[in-house]
1. Taking the Cα atoms of segment B:394-479, report the difference between the largest and smallest coordinate on each principal axis, in whole Å and largest first.
2. Just read off the accessible area of A:T433 with the full protein assembly in place, 1.4 Å probe, to the nearest 10 Å².
3. For a bin width of 5 Å, list the pair-distance distribution of segment A:63-165 built from all Cα-Cα distances, rounded to whole %.
4. Could you tally the net charge around B:F2, taking each other residue with its Cβ under 13 Å from the Cβ of B:F2, Lys/Arg +1 and Asp/Glu -1?
5. What is the ratio of the Cα radius of gyration of the protein assembly as shown to 2.2 N^0.38 Å, where N is its residue count, to two decimals?
6. How far is the Cα center of segment B:1-28 from the Cα center of segment B:34-53, in Å?
7. Quick one: check the C-alpha center-to-center distance for segment A:388-460 versus segment A:82-114, whole angstrom.
8. What does the convex hull of the Cα atoms of segment B:1-68 come to per residue, in Å³, rounded to a whole number?
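The values are calculated or read from the model by the stated rules, or taken from the named source; none is laboratory data. Note that this is a predicted model, so its numbers are computed, not measured. Virtual Cβ from ideal backbone geometry, glycine too; neighbours counted across all protein chains shown. Each accessible area value is taken on the protein alone, full model and side chains, heavy atoms only, with ligands, DNA and RNA left out. Shrake-Rupley method; radii C 1.70, N 1.55, O 1.52, S 1.80 Å.
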2 protein chains.
Amino acid sequence: MFESAEVGHAIDKKTFRAAEEALRGELLLAQNALREQSKFPVVLLISGVDGAGKGETIAQLYEWMDPRFLSTFAFSAPSDEERERPFMWRYWRALPPKGRIGIFSGSWYSIPIAERITRKLSRGGLDNRLDQINHFESMLVNEGALVLKFWFHLSREGQKVRLKTLERNPRTAWRVTKLSWARTKTYDELQDVAGHVLRVTNTAAAPWIIVDGTDDNYRNLRVGRALLDALKAHLADSHQPPVAPPAPLITSIDDRNVLTALDLSQVLPDKKYQLELAKWQGKLSELSRHKKFAGRSLVLAFEGMDAAGKGSSIRRITAALDPRQFQIIPIAAPTDEERAQPYLWRFWRHIPRQGRVSIFDRSWYGRVLVERIEGYCSEADWLRAYAEINDFEHELVEAGAIVLKFWLQIDKAEQMRRFKEREAIEHKRFKITPDDWRNRKKWNAYQQAAVDLIDRTSTGKAPWIVVEANDKNFARVKILKAICGALEKALG
Amino acid sequence: MFESAEVGHAIDKKTFRAAEEALRGELLLAQNALREQSKFPVVLLISGVDGAGKGETIAQLYEWMDPRFLSTFAFSAPSDEERERPFMWRYWRALPPKGRIGIFSGSWYSIPIAERITRKLSRGGLDNRLDQINHFESMLVNEGALVLKFWFHLSREGQKVRLKTLERNPRTAWRVTKLSWARTKTYDELQDVAGHVLRVTNTAAAPWIIVDGTDDNYRNLRVGRALLDALKAHLADSHQPPVAPPAPLITSIDDRNVLTALDLSQVLPDKKYQLELAKWQGKLSELSRHKKFAGRSLVLAFEGMDAAGKGSSIRRITAALDPRQFQIIPIAAPTDEERAQPYLWRFWRHIPRQGRVSIFDRSWYGRVLVERIEGYCSEADWLRAYAEINDFEHELVEAGAIVLKFWLQIDKAEQMRRFKEREAIEHKRFKITPDDWRNRKKWNAYQQAAVDLIDRTSTGKAPWIVVEANDKNFARVKILKAICGALEKALG
């Protein structure tokens, strides 16, 4: 894998100066076009062995380009806010918006590689992590990002020579730490682990570029040139087809599905409801204050047709919780900062810390509901979203979150009854908008989209709970019971 | 101060139910109008003695209003990301955007009060903090926020009775901790400190509302009613005049000022420049990697006319820094999330952690430059900004940041020369926009604004460094020297 990087590359000063002159102007122009277009971000990973010149090359990029539109992120020990969330959360929050270049020095690869070398991570554990990384990068690429991954290589001898050279120069001596020398002792293990990591993550969407780190001129030009070429190609055609076109949905051949099979006539009489409500709210109140919950978190997503009772069901949940413990996130049109990011970004930013609850009133499923039906994104975009959503929820669960998704199902007549009821009550009137009437006309399309998303994203770890919601009492109690059940199971 | 809250308020269940019915509908309507207008945020502080029903009243507000547009924040121990920034940073990041209600349970008052009771904070230290809080709240109010501060009071006996009642009920027992009982022992100290705090912060802009916490019905209605009245009044007239109209600027009576007094003919010949540049970059490189800097941070702001050399000066600084250590924040039009917040919010979010550097290419001084000149804000807004900016920078310095502000001064002829030069070079052409030519026509207005801001905001702890920038070499070295000087002084 690293053979080509050991054949000995070097570029003399004169050749370098000449090449640099042209490259610099072109890079600046490309960077400016990137900003003007603001259609995609650039995610640049600079990884490799110690002493291979990662810092020097990043500094060179800052010299060549306009540093005001570059951001570099290094990830050492996670902060406590990061530790309490999924592994990828800290990288999501650092993603550059469209039009900018984000340089990741010590990216999502650093920790898995280090943990594998020190045997904190099993081979299987590493492969799971790499799988997750591949999905993440593939999502970035599908969302339009230009992802460039560089691995700076040095031979065993080459590394020692480089470190000594760096140490001798007072301007670069600080780059060499005790840890750098300690790591030379695990050179073979690093090569072994990195070889595996690079092979598994060398995807069509985001391939690795292995660079000989020995010679500064060669290494810097290699990276600068590769960045320029990739930028120009991406600027010329930013709407690339997704890496692998997702398989189409299977159309059903009868009317029977998870929604039509529901018995919507189920009701809970008021008196019984009051008792049940008090019982399960009490239970939820206890469970959310359980000692063990301080080490977990709860993520709830609510979907359903307009007036299905999402808001009022959420109120019955929050009544049992400490307001300091939860956030409700009502999903409306994204802000411009959110639009400049991959579509899941606006949900990642609201992922709760430990001991907290995030309740999404409408959710990331908008992609396969309203965006699918209204054509706000391409078919390929929403088709791949099912898998991306499953990955997202899987990461939450892996980090200790309890994830539950509720589809509140009412029938068309009940919706009409509620629309009219809302219009009759002054302080509810504002809840009915022209959008609601428009959406109602697309009832069947929404039903089909709901069936599809339940089929494709109801996983054991993040199940869909389909709720018969024609009777509000029945729905609310069913939801509370489901949350309590999941919490009890999780907290033991 | 607390006498009125001890006369014994209680409202019976029937009266409460009747009042609640009307209040609820009105609150919902007002909350909806708040969202529709999206012209101001509501900042609601719920403070007071333990057991006085803070949690219960917040829960009641959630029941009355639409919980999807309420957020509650509790502030216990700061996270490490918060600890490394100014005291107020964690509150700034929690501020509700326009159109929403943010409830602060345990606000910026909690820590100062607790620290004063335990004598961690001297009386003088407390008063400094309160001064800062008054300025902060006055800024919020001037920015249009509705700020409501409630203090829930209980008599000494009343507190014991409440805590026992809460403990007896299994649904509320969790609210009473060992700490609650421990705090009853310091009842007198709390009354004493709180009495002082409330008196000093009982401003015209954001007065305290003291509420008897004994009776749930009374307390909840008291808060609900006060919130509704304030909301309605604010909705009816959201463009209130600032609390105290700021004093106008003093006009100069001659042509002599900090800018005209500069000797712009100063130059640094290329050869000497190269030597000096290398020297000071080397120095800066060392200082930024100094052990002591790991506990400090550096905030640099660059202002000056177009083409004054801000960008290229910044490049000479960043060339000496580790790219993983700094962020450059180019200030352009605010995003919509930024527009929904007080104007300093977009700068607060980029305040560096310890050991880091934030470089602002244009800055919060936009308020008293472009916004003043173009009329993007009212005269009262930019007139009060000088003091708000001084407060902001003072908080940074108090938290250990080293704050330097550079005004790069060129003359009109030099600007024209640079504009033409940029237009002649392909990869610099995009730097010249119609805006630049428009701003040039307002040269004198900008000069006057610059003189005013230097006069009003050059403080000992966050000084302005006026840079003669007709010669780029001279300017860059002067800037580097100033940064090194400040760092050396700060790091000892």
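1. Extents along the principal axes: 46, 27, 21 Å.
2. Roll a 1.4 Å probe over it and A:T433 shows about 50 Å².
3. So the P(r) values, bin by bin, are 2, 9, 16, 20, 20, 15, 10, 6, 1.
4. On the way: positive: B:R156, B:R199; negative: B:E3, B:E6, B:D188, B:D192, B:D212.
Net of charged neighbours comes to -3.
5. On the way: Rg = 30.6 Å, N = 984, 2.2 N^0.38 = 30.2 Å.
So the Cα radius of gyration is 1.01 times the expected 2.2 N^0.38 Å.
6. Here the two parts' Cα centres lie 17 Å apart.
7. 32 Å
8. Numbers: hull volume 8.7 nm³, N = 68.
It comes to 128 Å³ per residue, whole-number rounded.
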